[in-house]
Every structure is written in C-alpha cells, then in structure tokens.
Amino acid sequence: MNRLSRSLASFAAAALATLPGVAAACSTCGCSLNSDWASQGYATSRGLHLSLRQDYFNQSRLVSGSDRVAFGSIPLPSEDELQRKTINRNTLLGLDYSFNRAWGLSVQLPWFSRYHETWPEGETTLSSSRGQGIGDIRVVARYQGFSPDAGLGVQFGVKLATGTFKQTFDAGSAAGELLDRGLQRGTGTTDALFGVYKFGYLSDSVGYFGQAMGEVAMNARDGFRPGNSLNVNLGLRYLDAGMFVPQVQLNLHGEQRESGAFADRANSGATLAYLSPGLGVKLGRRVDAFVFMQVPVHEHVNGLQIEPGRLWSAGVQLRL
C-alpha cells in the first residue's frame, strides 16, 4: 500500500473514532461526545465505505462548573432532580459513498442502548429506565475539490428527527413519566450541520488532520429546542509502523443551553476537551480496525451534570 492510500486509510480510522458516542441524544446529562463525521471515508476515488463502531461510557461523575461534587454532599430528598448515572452502549453504522474525487455523501445510523438512574425531586429512592433503539439519522454531503490533493473540504447536511423522545421511566416513583428530553434517543428536531476539514503531512512519517463541525437546530418540538453545538477535532498519526497506525487526538466540544418549556436549561450546556490516544490496525487490503480511549482534560458544565471518566471506542471499516 503506497503512502497516499495508507494515509487515507489512517485518516478514515481517525475520523471514525473522533468524539465517539453520538451526543445528540444526551446533552443534558453531560454526554460530550460526537460522531458527526464518523462515517467519512474522505476517499479520493469512487466507491462505498461501510463502518461499524461500538462506544461505551459510564456517566457517573457529578460535576458543577469545573469541580467534582460528591453525591453524599447533597442531602436527600433534594429540591431538584439529582441524576445518579447513565451507562451508554452505543453503536454507529456508517455508509459513505464517493461519487468522484470531489463529491461524497455519508449516512450515519446510531443505535442507542442506555441505562439511567436518578433521584426525582423530593424522593430518596432511585427511579430508573432502560431502553434501546435508533437515534437521529445524519445525512452529510462533502465537497473536497479545492486542491489537487483533495486535502481541504467542506461538509453540509442535516440531522433528522428519527429517534424517539417519548421514553418513560421503568421503575421507581417516576415510573411512567417521561425522561428528560436530553436523555431521549432523539431531540425531535431537524438540525442543520456544516463543517470544514483539512488533512495533510508534517513529514513523510507524520500526518495531521483538523475538522470543525457546527450543529444548529432549525426548529423546536413539543416545547424543546436543543442547544447549538460546535466540535473541533485535531489529530496526528504516525504512518511508518507497518500494519499499525498510532494516533492521538484532541477533541473539543461546546454546546449552548437548551430552551423551551421542557428544557432543563439550568443544567444543560458545557465546554469539554478530551485527549484521545488510539491505534489503527490494517487487517487486510480493504479492512481497517481501530480502538481509542478518551480522557477528559477540561470540563466546564452549567449547573449540575454527570460526566464520564473514560470513554472507549472500537470499530471496523470496509472499503468495497
């Protein structure tokens, strides 16, 4: 495999693993990861890329502002709801097609599996929910015909309202009541997506990439509008390690507060940064795999939110 094709493969693996977790359905609970460009193959030739990714993260660290808060420091019953933990096991199926060197289209289908516990307002016992199903589908087009090496591109697309926002608690005093909108698998809104990316080489052995993606809700739904968000992702990868591609990324996420009658405005919105070491592996001529771990290096949340201490992502990509 020549340097260009190897670089493209490693960049695709990096793209697959950047900000894993599909945050569109759990903004209020502190979920700060994003898969806006997870399925992008960034290929410069025609063809279909398929990708499958699994993410795991346990949101069980209580944070206010930039400080950790001990659960025992808040007496129960509380005047406000106090979330205990949210365990996320999420899967992302990506289909990416390059029509030619300049144009491509990506479709991303998330599947959420989530367990959540909370102390409702005025209660001393936990209420819980467990659910799984599809989230909000994303359709993103790209154009990268600005330069001969196709190293600079723009993205534009839409997030569709395909995920449910009607899930209820299963057990506890809140059984039968709706989960907070930020904990639902979908926001109920149609969002516009727009971004720009650049990749290239610092040397014959070191490649780089950078990407910024914004998301803006174009409507409100049943008294809820998610906060606008911006993700910035920077990464380096080493290309001369044989079948392995060591990588490191810096993932930044900023999100505004929710709004509307059913928004948890006081406890939504955050600015977060993650350092993400990882490894890509060439399994065959058309198959690549990867594994990444994300570690929070900066957290600032509005109000009181639960955040993960580690986030894990692994997946595989097939080029047809």
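The values are calculated or read from the model by the stated rules, or taken from the named source; none is laboratory data. Nothing here was measured: the structure is a model prediction, and the numbers come from that model. In this analysis, Cβ positions are derived from the backbone assuming ideal geometry, glycine residues included, and neighbour counts consider all displayed protein chains. For accessibility, only protein heavy atoms count, side chains too; no ligands or nucleic acids. Shrake-Rupley method; radii C 1.70, N 1.55, O 1.52, S 1.80 Å.
When you scan the stretch 93-116, how many residues do you find that are buried (at least 19 other Cβ atoms within 10 Å of the Cβ) and among the charged types (D, E, K, R)?
Going through the stretch 93-116, the residues buried (at least 19 other Cβ atoms within 10 Å of the Cβ) turn out to be 94, 96, 98, 104, 106, 108, 110, 112, 114, 116.
From what's left, among the charged types (D, E, K, R): 96, 114.
Within the stretch 93-116, residues that are buried (at least 19 other Cβ atoms within 10 Å of the Cβ) and among the charged types (D, E, K, R) number 2.
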| query | List, please: which pairs have Cβ atoms under 8 Å, are six or more places apart or on different chains, and start with a residue in the stretch 235-249 that is in contact (Cβ under 8 Å) with a residue 40 or more places away in the chain and end with one that is open to solvent by 20 Å² or more (accessible area, probe 1.4 Å) and among the polar types (S, T, N, Q)? | reply | LEU239/SER205
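Does the stretch 146-159 contain at least one residue that is within 18 Å of the chain's Cα centre (by Cα) and among the hydrophobic types (A, V, I, L, M, F, W, C)?
Restricting attention to the stretch 146-159, the residues satisfying the condition of being within 18 Å of the chain's Cα centre (by Cα) are 155-159.
From what is left, the residues that are among the hydrophobic types (A, V, I, L, M, F, W, C) are 156, 158.
The answer is yes, given that some residue of the stretch 146-159 is within 18 Å of the chain's Cα centre (by Cα) and among the hydrophobic types (A, V, I, L, M, F, W, C).
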| field | Single unsatisfied condition, SER203 versus (1) open to solvent by 40 Å² or more (accessible area, probe 1.4 Å); (2) of a type in the set (Gly, Ala, Ser); (3) more than 26 Å from GLY153 (Cβ to Cβ) | value | (3)
| query | Which of the strands (runs of 3 or more DSSP E) contained wholly in the stretch 54-154 include at least 3 residues that are without any contact (Cβ under 8 Å) to a residue 40 or more places away in the chain? | reply | 82-98, 103-119
| query | Taking into account only those residues within the stretch 262-278 that are within 17 Å of GLY186 (Cα to Cα) and open to solvent by 20 Å² or more (accessible area, probe 1.4 Å), which is farthest from the chain's Cα centre (by Cα)? | reply | PHE262
| query | Out of all the residues in the stretch 189-208, is one or more touching a Leu at 6+ places or on another chain (Cβ under 7 Å), under 29 Å from GLU117 (Cα atoms), at pLDDT 95 or above and not in a strand (DSSP E or B)? | reply | yes
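Per-residue answers, yes or no, for (1) open to solvent by 50 Å² or more (accessible area, probe 1.4 Å); (2) under 21 Å from GLU255 (Cα atoms); (3) not polar (S, T, N, Q):
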site: LEU152; (1), (2), (3): yes, no, yes
site: THR168; (1), (2), (3): no, no, no
site: GLY176; (1), (2), (3): yes, no, yes
site: ARG181; (1), (2), (3): no, yes, yes
site: GLY188; (1), (2), (3): no, yes, yes
site: ALA192; (1), (2), (3): no, yes, yes
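Quick grid of which residues meet (1) more than 16 Å from the chain's Cα centre (by Cα); (2) modelled with pLDDT under 95; (3) among the small types (Gly, Ala, Ser); (4) outside any strand (DSSP E or B):
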residue: ARG285; (1), (2), (3), (4): yes, yes, no, yes
residue: ASP288; (1), (2), (3), (4): yes, yes, no, no
residue: HIS298; (1), (2), (3), (4): yes, no, no, no
residue: GLY303; (1), (2), (3), (4): yes, no, yes, no
| query | Do you know which of the residues in the stretch 63-92 that are open to solvent by less than 20 Å² (accessible area, probe 1.4 Å) and in contact with a Lys or Arg (Cβ under 7 Å, 6 or more places away or on another chain) is nearest to VAL291 (Cα to Cα)? | reply | LEU92
| field | All positions within the stretch 218-244 that are of a type in the set (S, T, N, Q) and either crowded, with 17+ Cβ neighbours inside 10 Å or assigned to a strand (DSSP E or B) (or both) | value | SER229, ASN231, ASN233
| message | Where the second residue is assigned to a loop (DSSP other than H, G, I, E, B) and of a type outside the set (Gly, Ala, Ser) and the first is within 14 Å of PHE262 (Cα to Cα) and without any contact (Cβ under 8 Å) to a residue 40 or more places away in the chain and lies in the stretch 210-228, which pairs have Cβ atoms under 8 Å and are six or more apart or on separate chains? | response | ARG225/THR189; ARG225/ASN219; ARG225/GLU258
